[in-house]
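This report concerns only the one structure given below.
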Amino acid sequence: MENDEVERIVKEILDYKIKLPRANYYQGVLQLRNITPEILHFVKNQITKRNDVCATKIVKLSDGIDIFLSSQKFITMIAKKLKESFGGQMKIASKLHTKSKQGKDLFRVNAFFRLANYKKGDIITVRGEEVRLLSIGGKIFAKNMKTGRKVTLRLDDMPQD
């Protein structure tokens, strides 16, 4: 990841503001790992397209960033769009944050997205066999180059770069 470009995009995301109930208000966290500037541009464009979402805080980590956002629906929607557009691993979890004055449970949503080291169409060697990756998501589907059979792979089967 080019540091200067990432810093610029992060600043642009934080500069986009809407009226919030209070300072540092957020409903959940979008956790991005193994990201590229292209993914950050995608997230920035999705945020600035809408007038009901903004980032209140961004935490940079060694392998990615956490973006604190003001809309739970947006967090789940963008995580799904990232997986569809770029492929990779996605997990969505919610945790109890507090109870409202009316006694209703209030949750925060965390969406985790990790960009895959491989992309659709790549040819890799798994367990001594060459396979072409057909789709990467919750499950990884590939086609054996020798036999032509479709195979399902686990994330553990993938060679680590």
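The values are calculated or read from the model by the stated rules, or taken from the named source; none is laboratory data. Every value quoted in this text rests on a predicted model; they were computed, and no experiment measured them. Glycine gets a Cβ as well: all are built from the backbone with ideal geometry, and neighbour counts include every protein chain shown.
Summary of values
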{"read-out": "Candidates Ile67, Ile58, Ile39 - the one that is in a helix (DSSP H, G or I) and either in contact (Cβ under 8 Å) with a residue 40 or more places away in the chain or closer than 16 Å to Lys11 by Cα (or both)", "value": "Ile39"}
{"read-out": "Options Lys104, Lys95, Lys60, Lys11; residue that is over 13 Å from the mean Cα position of the chain (by Cα), more than 26 Å from Leu134 (Cβ to Cβ) and modelled with pLDDT of 90 or more", "value": "Lys60"}
{"read-out": "Which numbered condition Arg114 fails, given (1) in a strand (DSSP E or B); (2) without any contact (Cβ under 8 Å) to a residue 40 or more places away in the chain", "value": "(2)"}
{"read-out": "Any hit, the stretch 74-90, residues being surrounded by 10 or more Cβ atoms within 10 Å (Cβ to Cβ), more than 13 Å from the chain's Cα centre (by Cα), in a strand (DSSP E or B) and modelled with pLDDT under 85", "value": "no"}
